[in-house]
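Encoded as structure tokens, the structure appears first; notes follow it.
The values are calculated or read from the model by the stated rules, or taken from the named source; none is laboratory data. Bear in mind that the values here come from a model prediction, so they are computed numbers and not experimental data. Neighbour counts run over all protein chains shown; Cβ positions are idealised from the backbone, glycine included.
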Amino acid sequence: MEGMSEREYSAHSGLSRGAIQKAKQTGRMVLWADGSINAAASDARRAETTDPDQQRRAVGGAESNLSGPADSTSYLKARTALTVYQAQERQLAIQKKKGTLVDRARAETLVFRLAREERDVWVTWPARVAALMAAQVAAEVETATGRPVIIEAAIIQRVLETHVREQLDALADLRVSLG
């Protein structure tokens with residue numbers, strides 16, 4: 001016999017005999033013409049074709065407490081972190097497609113634009129309503145007193161503008177925080 005038997009290779013590699021048989025069936029072992037296992041070539045082929053996550057490493061007695069290149073914990077931690085990151089990235093993409101997640105810069109721009117439009121409406125409001133308010137107040141006073149009264153729209157407009165500006169100044173101190 002040129003190479004090793006299944007039992008010998010099992011002891012050599014640290015794999016079970018069943019794992020060796022399965023590897024032979026799937027072509028992951030290099031065999032000699034007599035059916036024995038070529039250990040060096042089989043080790044190389046197993047290293048190439050086996051996923052590091054699935055490899056079982058043979059650990060010696062005192063060396064089992066040491067952490068080093070043969071220790072797979074750092075690789076597993078990195079692999080786990082990568083998997084978690086990819087899952088979070090996919091979840092964010094799904095939320096963005098559903099519309100439950102919005103771009104922060106775009107949201108801030110929209111809030112700023114809305115606030116500006118609202119401010120512009122309030123700044124022009126006194127000029128639009130001052131004449132109507134003057135007429136309504138004059139009519140109410142005339143009805144109550146029985147004497148004709150004239151209230152100037154310009155005076156009402158100045159008073160309204162003063163109060164609207166004070167209110168807008170107070171609102172200007174509010175800050176929107178999106179994060």
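In the stretch 143-179, how many residues are hydrophobic (A, V, I, L, M, F, W, C) and within 28 Å of Ala105 (Cα to Cα)? Within the stretch 143-179, residues that are hydrophobic (A, V, I, L, M, F, W, C) and within 28 Å of Ala105 (Cα to Cα) number 7.
Evaluate the following for Arg147: is it at negative phi, assigned by TED's automatic domain parsing to the domain that holds Arg116 and not in a loop (DSSP other than H, G, I, E, B)? No; evaluated as a whole, the condition is false for this residue. Among residues that are among the basic types (Lys, Arg), closer than 30 Å to Lys96 by Cα and not assigned by TED's automatic domain parsing to the domain that holds Lys96, Arg165 is not included. Once the stretch 6-38 is narrowed to residues that are of a type in the set (A, V, I, L, M) and in contact with a strand residue (DSSP E or B) (Cβ under 8 Å, 6 or more places away or on another chain), the residue that is surrounded by the fewest Cβ atoms within 10 Å (Cβ to Cβ) is Leu31. When the residues of the stretch 132-157 are narrowed to those that are out of contact with any Pro (no Cβ under 6 Å at 6 or more places or on another chain) and in contact (Cβ under 8 Å) with a residue 24 or more places away in the chain, which ends up surrounded by the fewest Cβ atoms within 10 Å (Cβ to Cβ)? Looking at the filtered set, the residue picked out is Ala154. For beta carbons closer than 6 Å, sequence separation of 6+ or different chains, a first residue in the stretch 110-131 that is surrounded by 13 or more Cβ atoms within 10 Å (Cβ to Cβ) and a second that is assigned to a helix (DSSP H, G or I) and of a type in the set (Gly, Ala, Ser), the qualifying pairs are Ala130/Ala153; Ala131/Ala153.
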